[in-house]
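One structure is given here, and the rest of the page talks about it.
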Amino acid sequence: MRLLHVEGDPWSDDPLSITLCEYYDASQIPPYMILSHRWRDEEVSFTDMTSPDPLKARSRKGYTKLETSCRTALQLNLSYAWVDTCCIDKSSSAELSEAINSMYEWYATSSTCVAFLDDVEIYTRMPAQDHGEAIPADRYVFEDSEWFRRELIAPKEVSGIPREVFMDPDKLKKFCIADRMSWAASRQTTRREDEAYSLLGLFGVNIPPLYGEGRRRAFQRLQIEIMSTTHDHTIFAWESTELTGDMLAPSVQSFQLSDQPGYRKLSYEEYMDAFDMDSAKLDYSMTNTGVHIELPICKVPYHPGLYFAFLACIIRKRRLRTSSTFQMDRPGQTHGAPREDRFYSSTT
């Protein structure tokens, strides 16, 4: 990992000394500030920072943002900062791949994250509407920012991400796959494939970036990698008018929630009890013919040859019921099933 080492007076307008340094041992990395921002014209690159000409970096339009960010780090009593424009050698595909797969960890382990909003004006109060009282502008300014529309990190009231996740990254594990996907469902990315690559850390998986493969293929690879680490059925709890033929969502937008509160995974015991089964298989896998998964099924009334298949998840805040309203169909065996509207169902 590369960091910017910053020296100088944090409270004056004197130029700062900003140099690159590299750490190969994670235990040796000092406390640092990380910058979250939108790229603009003439950002300071790794090549600029390593040029023999010390004026090359300073001549770039983006140097003002870089120096201002580093000055903010010093004001926070931090002598190191990380900025993606110049701390990654993007001419190296291997280094770019490592950076994409490490990005979540780098943000999580930073001492503080500073967001740079350069496309909004700051007002203390918004103008009064219809002779009413003026209201605080903070939220309006935040939501107008291009950073807000394109970056994942934001408070729960505007992004849906619970505050506890920000306070303790370990709490991320308690949220199901569908929940985590929904947090990014409204996010915009400049490159289509980054819709998938930007979610690697959120699910603790790694895949090599292949720019040019397209959004759908990149998101498919992400889901397949997630499937190898979990048996969470909510990965199949998505909605779209676009059919994929393999139970995988075509894009993260398919997990966008409207008015419903999301999903909750069912435990092995809940799943067996709900369907009155002696045993159940929650695991699944991707094969060369599609997803291999075993699910309890029942006939769709008045539609011969069609069946409902029930996943091991339930809409959150709904109570799990075990009253039988129709029959499960199994070779040589019949089981009772819970009410159909209590489960997300998919036809196969």
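The table below lists the values:
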item	result
Residues satisfying the stated conditions in the stretch 158-183, i.e. within 13 Å of Ile226 (Cβ to Cβ) and among the aliphatic types (A, V, I, L, M)	Ile177, Ala178, Met181
Unmet requirement for Asp276, which otherwise passes all of (1) touching a His at 6+ places or on another chain (Cβ under 8 Å); (2) open to solvent by 80 Å² or more (accessible area, probe 1.4 Å); (3) not in a loop (DSSP other than H, G, I, E, B)	(3)
Candidate set: the stretch 233-245, residues that are more than 16 Å from Glu294 (Cβ to Cβ), out of contact with any Asp or Glu (no Cβ under 8 Å at 6 or more places or on another chain) and open to solvent by less than 70 Å² (accessible area, probe 1.4 Å); chosen: the one modelled with the lowest pLDDT	Thr244
Evaluation of Thr230 against (1) under 29 Å from Trp147 (Cα atoms); (2) touching a residue at least 40 places away in the same chain (Cβ under 8 Å); (3) polar (S, T, N, Q); (4) surrounded by 18 or more Cβ atoms within 10 Å (Cβ to Cβ) (one fails), failing number	(1)
The one condition in (1) surrounded by fewer than 17 Cβ atoms within 10 Å (Cβ to Cβ); (2) within 19 Å of the chain's Cα centre (by Cα); (3) among the small types (Gly, Ala, Ser) that Ala94 fails to fulfil	(2)
Considering residues of the stretch 252-265 that are under 16 Å from the mean Cα position of the chain (by Cα) and buried (at least 21 other Cβ atoms within 10 Å of the Cβ) only, the residue nearest to Glu294 (Cα to Cα)	Phe255
Selected residue [part of a helix (DSSP H, G or I) and open to solvent by less than 30 Å² (accessible area, probe 1.4 Å)] from Ala185, Ala249, Ala196	Ala196
Residue that is nearest to Phe116 (Cα to Cα), among those in the stretch 55-67 that are in contact with a Ser or Thr (Cβ under 9 Å, 6 or more places away or on another chain) and open to solvent by 70 Å² or more (accessible area, probe 1.4 Å)	Arg60
Members of the stretch 150-165 that are modelled with pLDDT under 80, more than 16 Å from Met103 (Cβ to Cβ) and surrounded by 13 or more Cβ atoms within 10 Å (Cβ to Cβ)	Ala154, Pro155, Lys156, Ser159, Gly160, Ile161
Selection within the stretch 279-310 - in a loop (DSSP other than H, G, I, E, B) and on the phi > 0 side of the Ramachandran plot	Tyr302, Gly305
Cβ pairs under 8 Å, 6+ apart, first in the stretch 162-177 and more than 16 Å from Tyr263 (Cβ to Cβ) and in contact (Cβ under 8 Å) with a residue 60 or more places away in the chain, second exposed (fewer than 15 other Cβ atoms within 10 Å of the Cβ) and not charged (D, E, K, R)	Pro169/Ala108
Among residues of the stretch 279-317, those that are open to solvent by 80 Å² or more (accessible area, probe 1.4 Å) and of a type in the set (A, V, I, L, M, F, W, C), counted	1
Residues (among the aromatic types (Phe, Trp, Tyr) and buried (at least 20 other Cβ atoms within 10 Å of the Cβ)) located in the stretch 204-222	Phe219
Sole residue being in contact with a helix residue (DSSP H, G or I) (Cβ under 8 Å, 6 or more places away or on another chain), among the aliphatic types (A, V, I, L, M) and at pLDDT 95 or above, chosen from Leu257, Leu222	Leu222
Residue in the stretch 131-147 that is in a helix (DSSP H, G or I), modelled with pLDDT under 95 and among the basic types (Lys, Arg) present	yes
In the stretch 63-103, residue farthest from Tyr24 (Cα to Cα) [restricted to those that are among the charged types (D, E, K, R), in a helix (DSSP H, G or I) and touching a residue at least 12 places away in the same chain (Cβ under 8 Å)]	Lys65
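Results for (1) open to solvent by 50 Å² or more (accessible area, probe 1.4 Å); (2) in a loop (DSSP other than H, G, I, E, B); (3) among the acidic types (Asp, Glu), shown as yes or no for each residue.
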| position | (1), (2), (3) |
| --- | --- |
| Pro10 | no, yes, no |
| Asp14 | yes, yes, yes |
| Thr19 | yes, no, no |
| Tyr24 | yes, yes, no |
| Ser27 | yes, no, no |
| Arg38 | no, yes, no |
| Glu43 | no, yes, yes |
| Asp53 | yes, yes, yes |
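The values are calculated or read from the model by the stated rules, or taken from the named source; none is laboratory data. Since the structure is predicted, the reported quantities are computational estimates derived from the model, not experimental observations. Positions of Cβ are generated from backbone atoms using ideal geometry, with glycine treated the same way; all protein chains shown enter the neighbour counts. Please note that ligands, DNA and RNA were not included when accessible areas were found on the heavy atoms of the full protein model with its side chains. Shrake-Rupley method; radii C 1.70, N 1.55, O 1.52, S 1.80 Å.
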